[in-house]
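What follows is a set of notes on a single structure, which appears directly below.
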Amino acid sequence: MQMHQTARNDLLLDVRNLETHFFGEDSVTRALGGISFQVKKGETLGVVGESGCGKSVTALSILRLLPKVSARTVGGEVRFHGRDLLDLSDREMRKIRGDQIAMIFQEPMTSLNPVYTVGRQIAEAVQIHTKASRSAAMKKAEEMLRLVRIADPERRVNNYPHEMSGGMRQRAMIAMALACSPELLIADEPTTALDVTIQAQILRLIVDLKERTGTAVMFITHDLGVVAETCQRVIVMYAGRIVEQANVIDLFARPAHPYTQGLMRSVPDRRRGRQRRLPEIPGIVPSLREPIVGCSFAPRCPFAIDICREKRPPFLDVGSSHAAACWRAEEVMGA
Ligand SMILES: Nc1ncnc2c1ncn2[C@@H]1O[C@H](COP(=O)(O)OP(=O)(O)OP(=O)(O)O)[C@@H](O)[C@H]1O
Ligand SMILES: [Mg+2]
């Protein structure tokens, strides 16, 4: 009972059966086919998978930032502190965004406004969420730039985004996201647009800040190497569903889904100081416009047998806090 209580209080985000569709002229893309996962207070959860598997749509569905004309979350719940965000008014949702949940994107120019100085934008984020005066907020903006290790913060607060390098802009965006001490930071490929050295610095910075502030982080990446360095727990997505979930040590020690194994074989080798991509998983991702029969990975899977092509595998425990959606998980883990 006591343990159950603690576990519940630990829970920050509880996503249940989330389903999001895109509506085209004559077709529906089932971008999320019902995904469930949790983020605990202060933890770093990695979300991995190949391009198009639904990582960004997951983040945007949680924050309700999908284009209203073409996309709709048609099912499920997004419980944050127990409240379903999908039930909130637009106004309540705006208050949650930035105040309790912040997001950083791959391309900083999508969050930074080119016509205002970086300092002013961070100060505004501070002012929206605290009662700070304008000058106190500017002071805080400068402090935030120092925190994300931008040199000369007293000068840089007056820079416009275009006066900064890509890495600096990324840092400024992180400063803005963290300015109001969110409880959850969703980072969607925050480093892919940057060169390898800067990538490593930004990653270290996020991990560092996270340790200092206790913010929980949902770290979206297609790079398992990044996951190994930054995350405690991982969900692996394929074709709009979660196919495996585990803590990071178990995932690397004993991957239970053939797709995860395939991803691991294609981890880029960074030790050589360049991004040498190993062979990708052969075959192509299924179309999300047609209903999928059986396991969506079966056509590419070296383990596939008849049942895989006929019946969708249930998401089942394969260890303590380790689960996978694979009919042959036992064999895969032993392989
Ligand atoms: N605005 C949109 N209109 C129509 N379909 C979309 C839109 N955005 C995403 N999709 C579809 O939703 C699916 C999931 O896309 P999503 O952007 O979440 O992928 P991702 O995992 O973030 O990929 P990447 O690693 O390339 O960022 C894809 O099949 C994509 O084609
Ligand atoms: Mg994406």
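Things to note:
- Taking the square roots of 5 times each eigenvalue of the Cα gyration tensor of the chain, largest first, gives ellipsoid semi-axes of 35, 22, 20 Å.
- Relative to the Cα centre, the charge distribution of the chain, modelled as +1 at Lys and Arg Cβ and -1 at Asp and Glu Cβ, gives a dipole magnitude of about 660 debye.
- Two-decimal log10 I(q)/I(0) for the range 1-113, as the Debye equation yields it once each C-alpha is a single scatterer, q = 0.15, 0.24 Å⁻¹: -0.74, -1.57
- Computed Kirkwood radius, in angstrom, where 1/r is averaged over Cα pairs of the range 110-181: 11.6
- Pairs of Cα atoms farther than 24 Å apart, the range 45-172, %: 41
- Rounded Å value of the spacing that divides the Cα centres of the range 5-51 and the range 297-329: 20
- All alpha carbon pair distances within the range 209-262 were sorted into 5 Å bins beginning at 0; the resulting P(r) in whole percents reads 4, 18, 30, 25, 13, 6, 4, 0.
- Inter-part distance where the range 193-226 and the range 65-134 are each reduced to a Cα centre, Å: 20
- Once the mean of 1/r is taken over each pair of separate Cα atoms and inverted, the range 163-221 shows a Kirkwood hydrodynamic radius of 11.7 Å.
- Here the sum of -39500 (n - 2.57) over DSSP H runs of 4 or more residues, divided by the residues of the chain, equals -10500 deg cm²/dmol at 222 nm, to the nearest 500.
- C-alpha long axis of helix 196-213 to longest principal axis of the chain, angle in °: 80
- For the range 140-273, the spread of Cα positions along each principal axis, largest first, Å: 51, 33, 25
- 5 angstrom amide H check on Gly75, placed H, neighbours 5+ away: Glu19
- Lysine pair count for the chain with Cα-Cα distance under 19 Å and sequence separation of 8 or more or different chains is 9.
- Rounded if a/c under 1.5, otherwise prolate or oblate - the range 90-134, Cα gyration tensor axes: oblate
- Using all pairs of distinct alpha-carbon atoms, the Kirkwood hydrodynamic radius of the range 20-78 works out to 12.6 angstrom.
- Orientation-averaged projected area, Cα convex hull of the range 280-335 (nm²): 4.6
We did not get these values from a lab; they are worked out from the coordinates using the rules stated. Quantities reported herein were computed from a predicted structural model and do not represent experimental measurements. In this analysis, Cβ positions are derived from the backbone assuming ideal geometry, glycine residues included, and neighbour counts consider all displayed protein chains.
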